[in-house]
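Student: Structure below; questions to follow.
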Amino acid sequence: MASAFDPGRFDRVAVVDFGAQYAQLIARRVREAHVYSEIVPHTTSAAEMAALGAKGIILSGGPQSVYAERAPLLDPEIYDIGVPVLGICYGAQLLALQLGGKVARTETGEYGRTPLRLIGVAASHPPLTSPLFAGWPERSDVWMSHGDSMVAAPAGFRVTACTENVAVAALEDGDRRLYGVQFHPEVAHTERGQELLRSFLFDVCGCRPSWTHTSVIEAAVEAVRAQVGGSRVLCALSGGVDSAVVAALVHKAVGEQLTCVFVDTGLMRSGEAEQVESTFRGQFAVDLVHVKAADRFFYALDGVTDPEEKRKAIGELFIRIFEEVAADHALARGAFLAQGTLYPDVVESGSGSAATIKSHHNVGGLPEEFGLELVEPLRLLFEDEVRAIGEELGLPAEIVWRQPFPGPGLAVRIVGEVTPDRAELLRAADAIVLDEVRRAGLEREVWQAFAVLPVIRSVGVMGDERTYAYPIVIRAVTSEDAMTADWARLPYELLERISSRIIAEVPGVNRVAYDITSKPPGTIEWE
Ligand code: XMP
């Protein structure tokens with residue numbers, strides 16, 4: 001078994017995915033309430049759902065209309081297996097429709113912040129209570145995003161909330177424990193959204209809040225031990241957060257059985273190799289093989305300018321070096337390979353465009369043909385959980401909060417041929433960008449901030465001298481998941497500081513530009 005751990009030890013909630021990214025956000029919010037959540041496809045049958053043993057089911061929103069030709073449906077028998085269901089937006093409409101209610105394409109869609117009014121709170125004596133809205137005032141703001149609207153609840157259901165334009169904004173059948181809300185409790189703009197989710201999880205489903213970072217670490221450690229027994233485990237450190245957390249976790253589980261391999265390609269960010277050394281060899285006393293391979297990478301990149309060829313050359317050499325290390329240390333036979341696969345990769349793989357777009361990003365990873373059984377202790381975790389666990393395991397903040405970095409490193413940020421001098425120049429400029437962004441307190445707000453070196457020259461003047469030197473392009477973006485991104489509105493003063501420092505401190509640069517392209521149409525990296 002490719003290990004994560006046995007989720008059976010945690011109460012769990014199934015989040016049914018009806019498309020787009022809604023399900024992942026809901027799943028994260030559930031986990032923030034300390035309940036384990038798992039994303040399941042909408043094609044899951046009632047029998048499969050029952051076998052899953054979930055204590056609650058949440059139907060996510062989705063981009064379609066319930067009346068669209070290929071609208072994703074749910075096996076209606078799922079409403080009868082006795083597990084509480086909460087439908088959100090599309091999920092609520094689908095639930096209403098499948099159980100005999102009415103959904104109409106009204107002229108009154110609602111988008112954005114919308115005042116919600118609970119029904120029967122003030123008017124009836126005693127007030128009508130819904131476990132979902134316990135403690136809510138009669139009116140509060142929620143976040144809406146729908147064109148179709150529910151116009152009649154199914155038999156046995158009661159309408160619990162409305163808005164100015166929509167008569168059915170929430171509904172429930174308390175006896176069958178079926179609930180629907182038209183608004184999005186998972187987004188921060190819904191004032192009491194997290195409270196509503198908690199009420200569903202704890203008061204309706206009776207979940208225990210056992211999904212904590214400590215218990216996740218414990219479960220992962222146990223699973224790694226059970227999987228690898230007394231065998232050796234190899235882990236390729238990249239300098240980034242995922243592989244660092246994997247290594248720290250596996251080390252906690254099996255100590256000296258772990259060997260970490262760090263291949264210094266000469267294309268890393270400033271200080272990264274030193275950080276890996278001091279953390280893993282110094283702090284954790286891990287058996288670390290540090291391969292200083294910069295010369296080999298520059299040799300392999302000699303004369304290469306095509307972005308895909310660069311990636312290929314780097315990827316192939318990386319694998320060759322890794323194989324050499326494994327052979328040298330007589331490690332490969334019967335060993336395991338620890339890898340930092342995360343939950344979004346697992347959910348997205350095999351489905352739609354997200355998977356295709358990401359496939360070229362596996363460069364720098366190790367191929368399946370490598371033949372080692374994988375240990376993937378982060379397989380069920382989201383990025384924010386990985387960071388939290390990394391902090392709990394004692395990894396330094398510099399690693400835990402490190403921004404994403406492409407496997408081929410600085411090579412895909414030098415637009416043109418990669419040489420040691422150019423890598424050195426870019427590394428120095430990049431360090432200034434990050435340093436200033438960090439000082440401005442924006443490091444965690446931007447997804448990535450870095451420098452790019454287009455291999456062209458332009459004319460400038462410094463002192464009395466005419467210069468003819470490289471430009472540096474600053475790229476800084478905000479993003480949720482790297483699939484789309486916007487250029488970060490960095491303050492002018494910050495850009496000015498970065499620009500002056502780069503020109504003053506990095507010889508060979510006489511001009512600094514700021515990239516103001518979003519993704520799409522641009523990509524985050526330049527190659
Ligand atoms: P793009 O440039 O496609 O990048 O908008 C999206 C995210 O992926 C990272 N990236 C890579 N990561 N190997 C990786 O491991 C790669 O070859 C690679 N190319 C891009 C990029 O830094 C951004 O976070």
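The values are calculated or read from the model by the stated rules, or taken from the named source; none is laboratory data. Nothing here was measured: the structure is a model prediction, and the numbers come from that model. Ideal geometry is used to build each Cβ from the backbone, glycine not excepted, and the neighbour counts take in all protein chains shown. Heavy atoms of the whole protein, side chains included, go into the accessibility calculation; ligands, DNA and RNA do not. Shrake-Rupley method; radii C 1.70, N 1.55, O 1.52, S 1.80 Å.
Student: Which value at 222 nm does the chain reach when only helices count, each DSSP H run of 4 or more adding -39,500 (n - 2.57), with the total divided by all residues and rounded to the nearest 500 deg cm²/dmol?
Tutor: -9000 deg cm²/dmol
Student: Can you compute 3J(HN,Hα) from phi for each residue in the stretch 437-447, using the Karplus curve 6.51 cos²θ - 1.76 cosθ + 1.60 with θ = phi - 60°, rounded to whole Hz and x for Gly and Pro?
Tutor: 5, 5, 4, 7, x, 10, 4, 8, 7, 8, 6
Student: Hey, what do the phi angles of the stretch 5-16 turn into as Karplus ³J(HN,Hα) couplings, whole Hz, using 6.51/-1.76/1.60 and θ = phi - 60°, x for Gly and Pro?
Tutor: Residue by residue, the stretch 5-16 yields 5, 7, x, x, 7, 10, 4, 9, 10, 8, 10, 7 Hz.
Student: Please calculate the 1.4 Å probe accessible area of ILE119, with all protein chains present, and give it to the nearest 10 Å².
Tutor: Per-residue accessible area (ILE119): approximately 60 Å².
Student: Helix 307-328 sits at what angle to the longest principal axis of the chain, using alpha carbons and giving 0 to 90 degrees rounded to 10?
Tutor: Roughly 80 degrees, rounded to the nearest 10.
Student: With every protein chain present, what is the per residue accessible area of the chain (1.4 Å probe, Å²)?
Tutor: Ligands and nucleic acids excluded, the figure is 44 Å² per residue.
Student: Hey, can you grab everything whose amide H is under 5 Å from the amide H of SER238? Only 5+ residues off in sequence or another chain; H modelled, so Pro and N-termini drop out.
Tutor: Excluding prolines and chain starts, which carry no amide H, the hits are SER243, ALA244.
Student: Please report, in debye to the nearest 20, how large the charge dipole of the chain is about its Cα centre when each Lys and Arg carries +1 at its beta carbon and each Asp and Glu carries -1 there.
Tutor: In debye, rounded to 20, the chain gives about 680.
Student: Now a separate question. On the protein heavy atoms, probe 1.4 angstrom, tell me the percent of accessible surface of the stretch 38-189 carried by carbon and sulfur.
Tutor: 53 percent
Student: Still on this structure: Pairs of lysines 8 or more apart, or on different chains, with alpha carbons under 22 Å: count those in the chain, would you?
Tutor: So the count works out to 5.
Student: With +1 assigned to the C-beta of every Lys and Arg and -1 to the C-beta of every Asp and Glu, and no other charges, what is the dipole magnitude of the stretch 413-515 about the Cα centre in debye, to the nearest 20?
Tutor: 160 debye
Student: Follow-up question, since we're still on this one. Please report, as a whole percent, how much of the solvent-accessible surface of the stretch 413-515 comes from carbon and sulfur atoms (probe radius 1.4 Å).
Tutor: Of all accessible area on the stretch 413-515, carbon and sulfur atoms account for 51 percent.
Student: Using only the heavy atoms of the protein chains and a 1.4 Å probe, how would TYR179, TYR111 rank by accessible area, largest first?
Tutor: Largest to smallest exposure gives the sequence TYR111, TYR179.
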